[in-house]
Amino acid sequence: MNELPADFRAFHELFRGAYIHWSELYLGNHTDAEEAVDEAFEQLYFKWSDVLAHENPTAYAWVVVKNRTIDHARARGRRPAVIDTAAFETAALRDAVDPIGELAQSMYIYASIQALPERQHDVVVLQYCLGYSTQETADILGVTPAGVRSTTRYARHRLQRALGLDKEEL
């Protein structure tokens, strides 16, 4: 990878791990996630000068990664794994008195997350499902931390309404 431009190598090093982390949640398989993300980076590399000419190269790259991951899932006849696996992986299930009730609630929450507008969905998944901080989420999406906080606020309000919760419950 030494023959690649230094700025591309730095971008790759900075974001590949986070992209794979997100893609793996979506695809449900680490190897598939690596393949999808590597295909996205290949696409970015071949258009690197165009990518850098974009107003927000990081935001553009995020869209490329998402699209490659979605294409990867479709090519394998899969639906998003987020809803399939995330509910089973919650810490609450391990200690739940009523694991079936907890599972049903978790699946309803994840279905509600899936129904969020795209940017809200991305922020919620990155922060609450994958554990990224506000700053890390902002870096990954190519937005400001204030934009992430605002989007999180709107997503939380939408989820509260969808789940029938009081403001303090989410």
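Restricted to segment 49-77, and to residues there that are charged (D, E, K, R) and either assigned to a helix (DSSP H, G or I) or within 16 Å of the chain's Cα centre (by Cα) (or both), the residue that is surrounded by the most Cβ atoms within 10 Å (Cβ to Cβ) is 68. Selection within segment 111-161: residues that are modelled with pLDDT under 90 and surrounded by fewer than 16 Cβ atoms within 10 Å (Cβ to Cβ). The member of this set that is nearest to residue 22 (Cα to Cα) is 114.
Within segment 63-71, the presence of a residue that is closer than 19 Å to residue 123 by Cα and in contact with a Gly (Cβ under 6 Å, 6 or more places away or on another chain) is excluded. Residues in segment 1-17 include none that are touching a Phe, Trp or Tyr at 6+ places or on another chain (Cβ under 8 Å), part of a helix (DSSP H, G or I) and small (Gly, Ala, Ser).
Scanning segment 118-134 for residues that are in contact (Cβ under 8 Å) with a residue 12 or more places away in the chain and of a type in the set (S, T, N, Q) returns 120, 127, 134. Evaluated against (1) surrounded by 17 or more Cβ atoms within 10 Å (Cβ to Cβ); (2) of a type in the set (A, V, I, L, M, F, W, C); (3) farther than 24 Å from residue 133 by Cβ, residue 46 falls short on exactly one condition, (1).
The values are calculated or read from the model by the stated rules, or taken from the named source; none is laboratory data. Being a predicted model, the structure only gives us computed values, none of them experimental. Cβ sites come from the backbone with ideal geometry, for glycine too, and all protein chains shown count toward neighbours.
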